[in-house]
Amino acid sequence: MDHVLSTHVFVNHRLTAAMLGRIQQAGFPAVEVFCARQHLDYRDKAQIGELGHWFRDSELKLFSVHAPIYTDDIWGRSGPHSVITLTHPVKSQRLPMVDEIKRAIEIAEVIPFRYLVQHIGVSGEEYDMRKVDAAFSALEELRIFARQRGVEILLENIPNELSSPERLLQFEELTHIGLNYVFDTGHANLAGGVEAAFELMKARIRSTHIHDNNGKEDQHLFPYSGGGTIDWKKVSQLLHSRPNQYPLLLELKEKPDVSAPLDAARQIFDRLEEPPE
């Protein structure tokens, strides 16, 4: 299967050509770039231009971009006003957030990419039909904006009452918006289990987010490293059941005890590709 590394593992560091060069030298063919302004400031034309110039001369491909989830550069710590969500029922409050995501989509005008990964709501958010209507309105606008730039929006299962696998399927039934999915193993492990989530989402999965956790917290642990509760032998078999439909994409969190994260990520891919016994 194709292998993709999310730059989420370096999200607290500015994304530079040198960093991308290290990823390429480690043997990864493609990346997903996480839009966080301390990492990739999608409004900074100089940074986007520099990276665009590097990608044009590089074998490393930009597979996907993760939509921003905060407007600030300190991971939302500036306050609730920094949270980007498509579910605000008041249009005048929602439109600036839609605009923020459009700026991220515009990266494709400089560095082409295939998919934008998008959340509906935030972690723990409760279900409300007004929020569903708001998300539909926002996503319909973003879908057209993205399509004009050669980008397809993918919805991710996240631990809330709007974006569980069941709710994503219901959202499609209600809206017929036609969006495909990112299957997140760690988020599935927090709600209902990985196997059950995969079975519900599998027909529309176009990308993955592979990481582990303790079943209680969204830790983005390195698979096979200990501390997580996902059965990776079983999950690997599930993921390989549709080998040409999506890549294996690692979305990991930087850990002080992992001194060589690129080497560790490459070893995870090797283990995920081991044939079943």
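Descriptive notes on the structure:
- Residue match in the stretch 40-47 (condition: part of a loop (DSSP other than H, G, I, E, B), farther than 22 Å from R147 by Cα and in contact with a Gly (Cβ under 9 Å, 6 or more places away or on another chain)): no
- Scanning the stretch 133-150 for residues that are on the phi < 0 side of the Ramachandran plot and open to solvent by 10 Å² or more (accessible area, probe 1.4 Å) turns up D133, F136, S137, E140, E141, R143, I144, F145, R147, Q148, R149.
- Flag if R37 is in a loop (DSSP other than H, G, I, E, B), open to solvent by 10 Å² or more (accessible area, probe 1.4 Å) and touching a Ser or Thr at 6+ places or on another chain (Cβ under 8 Å): yes
- Restricting attention to the stretch 1-23, the residues that are within 25 Å of L272 (Cβ to Cβ) and polar (S, T, N, Q) add up to 2.
- Among the candidates H187, H176, H209, residue that is touching a Gly at 6+ places or on another chain (Cβ under 8 Å) and not aliphatic (A, V, I, L, M): H209
- Residue within the stretch 92-100 that is of a type in the set (K, R), buried (at least 16 other Cβ atoms within 10 Å of the Cβ) and either more than 16 Å from the chain's Cα centre (by Cα) or in a helix (DSSP H, G or I) (or both) present: yes
- Note on the stretch 73-91: residues that are of a type outside the set (A, V, I, L, M, F, W, C), assigned to a loop (DSSP other than H, G, I, E, B) and buried (at least 16 other Cβ atoms within 10 Å of the Cβ) amount to 4.
For (1) of a type in the set (S, T, N, Q); (2) in a loop (DSSP other than H, G, I, E, B), each residue gets a yes or a no:
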site: A138; (1), (2): no, no
site: I144; (1), (2): no, no
site: L154; (1), (2): no, no
site: N160; (1), (2): yes, yes
site: F183; (1), (2): no, no
site: T208; (1), (2): yes, no
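Here is a yes/no grid of residues against (1) at pLDDT below 95; (2) of a type in the set (S, T, N, Q); (3) out of contact with any Pro (no Cβ under 6 Å at 6 or more places or on another chain); (4) within 25 Å of G186 (Cβ to Cβ):
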residue	(1), (2), (3), (4)
T85	no, yes, yes, yes
P96	no, no, yes, no
G121	no, no, yes, yes
E126	no, no, yes, yes
R149	no, no, yes, no
I158	no, no, yes, yes
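- Residues in the stretch 167-181 that are part of a helix (DSSP H, G or I) and either of a type in the set (A, V, I, L, M, F, W, C) or farther than 15 Å from A135 by Cα (or both): L168, L169, F171, L174.
- Residues located in the stretch 51-62, provided they are more than 15 Å from E106 (Cα to Cα) and either touching a residue at least 60 places away in the same chain (Cβ under 8 Å) or in a helix (DSSP H, G or I) (or both): H53, W54, F55, R56
- Output for the stretch 195-211, where each listed residue is open to solvent by 10 Å² or more (accessible area, probe 1.4 Å) and touching a residue at least 24 places away in the same chain (Cβ under 8 Å): E195, A196, L200, K202, R204, R206
- Qualifying residue in the stretch 159-182 (condition: touching a helix residue (DSSP H, G or I) at 6+ places or on another chain (Cβ under 7 Å), buried (at least 20 other Cβ atoms within 10 Å of the Cβ), farther than 30 Å from G215 by Cα and not aromatic (F, W, Y)): no
- Condition check for I111: surrounded by 15 or more Cβ atoms within 10 Å (Cβ to Cβ) and not in a helix (DSSP H, G or I): yes
- Residue list for the stretch 212-253, filter: in a helix (DSSP H, G or I) and open to solvent by less than 60 Å² (accessible area, probe 1.4 Å): W232, V235, S236, L238, L239
The values are calculated or read from the model by the stated rules, or taken from the named source; none is laboratory data. Source: prediction; values computed, not measured. Note that each Cβ is placed from the backbone with ideal geometry, even for glycine, and that neighbours are counted across all protein chains shown. Just so you know, the surface numbers come from the protein's heavy atoms only, side chains and all, with ligands and any DNA or RNA stripped out. Shrake-Rupley method; radii C 1.70, N 1.55, O 1.52, S 1.80 Å.
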